[in-house]
1. Across the range 75-122, which residue is farthest from the chain's Cα centre (by Cα) among those that are charged (D, E, K, R) and in a loop (DSSP other than H, G, I, E, B)?
2. Return the residue satisfying two criteria in turn: it lies in the range 56-67 and is outside any loop (DSSP other than H, G, I, E, B) and in contact (Cβ under 8 Å) with a residue 24 or more places away in the chain, and of such residues it is surrounded by the fewest Cβ atoms within 10 Å (Cβ to Cβ).
3. Condition first: out of contact with any Asp or Glu (no Cβ under 7 Å at 6 or more places or on another chain) and surrounded by 14 or more Cβ atoms within 10 Å (Cβ to Cβ). Now tell me which residues in the range 29-38 satisfy that.
4. Restricting attention to the range 95-119, which residues are of a type in the set (Gly, Ala, Ser) and loosely packed, with under 14 Cβ neighbours inside 10 Å?
5. Condition first: surrounded by 21 or more Cβ atoms within 10 Å (Cβ to Cβ) and β-branched (Val, Ile, Thr). Now tell me which residues in the range 139-175 satisfy that.
6. May I ask you to verify whether Asn33 is over 27 Å from Ile176 (Cβ atoms), more than 17 Å from the chain's Cα centre (by Cα) and either in a strand (DSSP E or B) or of a type in the set (S, T, N, Q) (or both)?
7. Which one of these is β-branched (Val, Ile, Thr), in a helix (DSSP H, G or I) and within 18 Å of Phe139 (Cβ to Cβ): Val45, Val24?
8. Could you give every pair whose Cβ atoms fall below 9 Å, whose first residue belongs to the range 157-169 and is acidic (Asp, Glu), and whose second residue is assigned to a loop (DSSP other than H, G, I, E, B), counting only separations of at least 6 or pairs across chains?
Amino acid sequence: MTEDNDWVLSGVSQVAEMMGLAAVTAPKSKGENYVVVKILQGPPVQDLARAMIAYGERSRKANFDRDARNVAGSQAVVLIGLEEPNTLGLNCGACGYPTCDELLDQLPYQGEFIGPMCAFRLLDLGIALGSAVKTASLFNVDNRIMYRIGVAAREMGLVDWHFVMGIPLSVSGKNIYFDR
């Protein structure tokens with residue numbers, strides 16, 4: 001059972017804010033920040049859970065309903081993503097194109113996320129996500145990084161970022177994100 005005492009909600013809110021700080025201040029390639037954060041609490045969390053179920057049913061993709069049940073049992077969700085990330089300018093080819101200019105010349109693909117994008121910017125996002133969940137862990141707030149949250153958040157128009165992941169937060173006697 002999810003706790004909803006005022007002190008729990010207040011504590012989760014503070015931890016979510018610290019997670020946002022950790023994500024934005026995490027190391028970035030060339031020190032350029034394209035990482036953005038949005039925190040959901042209250043009714044928007046339940047709206048997100050419903051949107052996840054609907055997306056899963058419509059797309060016939062697995063486990064959107066399972067993850068939605070986790071979101072519905074959470075006190076908050078932290079969205080962390082990349083907003084209009086530029087290339088690093090290394091011409092490294094990790095994105096699949098020989099030069100950064102060739103990557104930028106591609107028409108954006110609009111699917112669950114917008115691509116293609118610079119591999120280093122995705123690494124930046126991964127480091128930011130790791131910093132955020134580490135912060136939650138330091139305060140014993142259960143969490144799990146979920147791609148399906150990001151898909152639904154984009155579809156709902158909660159964010160228009162190119163790539164986004166979600167981290168639901170829960171305080172209860174047992175971690176709701178495992179043994180699913």
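The values are calculated or read from the model by the stated rules, or taken from the named source; none is laboratory data. Computed from a predicted model, the values in this text were never measured in an experiment. Positions of Cβ are backbone-derived with ideal geometry, glycine not excepted, and every protein chain shown enters the neighbour counts.
1. Among them, the one singled out is Glu84.
2. Arg66
3. If the condition is that a residue be out of contact with any Asp or Glu (no Cβ under 7 Å at 6 or more places or on another chain) and surrounded by 14 or more Cβ atoms within 10 Å (Cβ to Cβ), then Asn33, Val37, Lys38 are the ones that fit.
4. Of everything in the range 95-119, those that are of a type in the set (Gly, Ala, Ser) and loosely packed, with under 14 Cβ neighbours inside 10 Å turn out to be Gly96, Gly111.
5. Val141, Ile149, Val151, Val164, Ile167, Val171 - these are the residues of the range 139-175 that are surrounded by 21 or more Cβ atoms within 10 Å (Cβ to Cβ) and β-branched (Val, Ile, Thr).
6. Answer is no for this residue.
7. Val24
8. What qualifies is Asp160/Glu83.
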